[in-house]
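Taking it in order: structure first as structure tokens, then the write-up.
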Amino acid sequence: MGNNGRGMGEAEGEPLRTPLYEWHVAHGARMAAFGGYVMPMEYKSILREHQSVRTAVGIFDVSHMAEFWVTGDGAAAYLDRLVTNWPSRLEVGHALYTPMCYPDGGTVDDLLILRLGEDRFLLVTNAANHDDDAAWLQANNLWPARVDIADVSRAVGLIAVQGPDAVRLVSSLATSPVSDLPGFGLREDVEVAGIRTIVSRTGYTGEDGFEIYVPETGHETLAVWEALAAAGAVPVGLGARDTLRLEARLPLYGHELSSEITPLEAGLSPFVKWEKPDDFVGREALWRQKEAGLTRRLVGLKVEGGIARAGYPVHSPEAGAHGVGLVTSGSHSPTLGVPIALALVPVAWAKVGTELQVSIRTRTVPARVVRLPFYRREAV
Amino acid sequence: MQVKDGLRYTREHEWLDGQGRVGVTDYAQGQLGDVVFVELPAVGQRVRQGESLGVVESVKSVSDLYCPATGTVVAVNEQLAERPELVNQDPFGDGWLVQLDLEGEPEGLLSADDYRGFIEE
């Protein structure tokens, strides 16, 4: 038996550690390089960790995520120009999801923007893109007024608490109410287990839950984590985080988004605000793409007889069909019990119900285009 | 972690028993994590020692299986199509992979004691 190198993770240079590194190792986590950090992939079982989040509550160390404070008079206008969504319309105490594009429409990264004050925003971006993001934020800090950008990626601890029991769990440990927060709502100065945090009703799993930002990392993050674990939350590694987000059809940069993939191709047009009065980076190229019509788009596949992994080619069995698609992410779906995948395919193949094929090593297996997301939690 | 006496082992963590049955070791299933898919050769296929015998997939990884002996596949564990988790639950028993009709004696396999020493290194 030998791993043939189609696993997850990449590393360059000396990997960083989150404030919870020692805890993960002491609790038997299988550690691997991801986004420049050594992160827990799984503790005991990806399938059981996945299940815990769908049925109870799980906690994730996501302190590897990059964070930048953007503050100053022109902060809202700066962000409106930088991203495709509309941060200046965001109310204080709310967050939004947005792609951030290059002038050619390719994607720099996707991120959350939290508005903590009129002129005070926290940007949360992918760890793997930290350096590119930092440079891009600075390079665009020109207009209409220079803003202050503070890279606090290494200082901020971040714990995601996800699952149907998340509200009850976090409420039991927080001094301020959190159950009244709407989706994408947030509150500052919430004490959790005696530590001052920012709590937002956001996540990356398709479940209800929170992300808890610990501004001063170190033992503070560990104190919050240990309190959550002691109260019954199941520690969950990045392995299950990936299967959870895949079922919920949430994009992962480097897979569904990249400098070569626009937000429109990735099915993120609701987050591209054409009606925004001022120009934004990538607007013209994206508009041209929209007017010309997309040539490819992201679809969901149910695959039979094998697991379609990222990079595997997708074909159409129709005689005369030309073109080729590409699996962007694929795995066994723990909730559905079948292999699922996201794939970028020629737009003619994107209709739900279309029968396609995926090449898996030496075999070709059937795959059907299905409605997305693969999993949607039931409304409470 | 269990190493079963009386079996022969590869350095790639497969086992071979006296009836020609092949599986992966307890150590291997622990390293793999939750097995969710197994791809095996067809009955009647001739396989050679050291060549690929199929693939075991966990949620996050794809691992090649190496054939511990040369011979012909006379049976594959059909249960694994529906229950790949048997590889985790019972790697030396119900989680077996294929049965071979051996051609001659395989060379270079490890005894249980040698394999124990190998994985402890």
Packing-ranked peptide list from A:97-103, A:272-278, B:5-11, highest mean Cβ count within 10 angstrom first, is A:97-103, B:5-11, A:272-278
Can you list residues from other chains, or at least 5 along the same chain, whose modelled amide H is less than 5 Å from the amide H of B:Phe92? none
Quickly work out the A:Glu226-to-A:Ala348 label distance, labels modelled 7 Å from Cα along the C-beta direction, and quote it in nm with one decimal. 6.2
Straight-line reach only, C-alpha to C-alpha below 19 angstrom: list the lysines that A:Lys44 could link to, leaving out same-chain residues fewer than 8 apart. B:Lys60
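Could you work out Rg/(2.2 N^0.38 Å) for chain B, with Rg from alpha carbons only?
Its radius of gyration relative to the 2.2 N^0.38 Å reference: 0.96.
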Just want the ordering: A:Met31, A:Met41, from fewest to most Cβ atoms lying within 10 Å of their own Cβ. A:Met31, A:Met41
Taking R0 as 51 Å, what's the FRET efficiency between A:Lys290 and B:Met1 from their Cβ-Cβ distance, rounded to 0.05? 0.35
What nm value, rounded to one decimal, do you get for the distance between B:Arg48 and B:Glu107 when each label is placed 7 Å out toward the C-beta? 1.4
Averaged over peptide B:61-69, how many Cβ atoms belonging to another chain are found within 10 Å of each residue's Cβ? 4
Under 1.5 on a/c is rounded, so check that first for the stretch A:95-250, then, if it is not, pick prolate when a/b is larger than b/c and oblate when it is not; a ≥ b ≥ c are the square roots of the alpha carbon gyration tensor eigenvalues. prolate
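According to the Cα gyration tensor, what semi-axes, each the square root of 5 times an eigenvalue, does the equivalent ellipsoid of the stretch B:1-63 have, listed from largest to smallest in whole Å?
19, 18, 9
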Per-residue Cβ counts within 10 Å, from other chains only, averaged over B:32-41: what number is that? 5
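Tell me, what is the FRET efficiency for B:Asp114 and A:Val92 to the nearest 0.05, using R0 = 41 angstrom and their Cβ-Cβ distance as r? Intermediate values should be presented prior to the final figure.
Values: r = 67 Å, r/R0 = 1.64.
Using R0 = 41 Å, I get an efficiency of 0.05.
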List, largest first, the extents of the alpha carbons of the stretch A:293-363 along their principal axes, each in whole Å. 35, 26, 20
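Using Cα pairs closer than 8 Å and at least 6 residues apart in sequence, work out the relative contact order for the stretch B:1-120, in percent. Show your work: numbers first, answer last.
Working: 266 pairs, mean separation 39.1, N = 120.
Over the stretch B:1-120, the number comes to 33 percent.
Counting each DSSP H run of 4 or more residues in chain B as -39500 (n - 2.57), what helix-only mean residue ellipticity at 222 nm follows after dividing by all residues, to the nearest 500 deg cm²/dmol?
Values: 4 runs with 24 residues, N = 121.
That comes out to -4500 deg cm²/dmol.
Note the count of lysine pairs whose C-alpha atoms are less than 24 angstrom apart in the stretch A:269-370, limited to pairs 8 or more residues apart or on different chains.
Working: A:Lys273/A:Lys290; A:Lys276/A:Lys290; A:Lys290/A:Lys351; A:Lys302/A:Lys351.
Final tally of qualifying lysine pairs is 4.
Laboratory data are not the source of any read-out in this text; all were calculated from the coordinates shown. If you're wondering where the values come from, they're calculated on a predicted model, not measured in any experiment. Here Cβ is always computed from backbone atoms with ideal geometry, including for glycine, and neighbour counts include all displayed protein chains.
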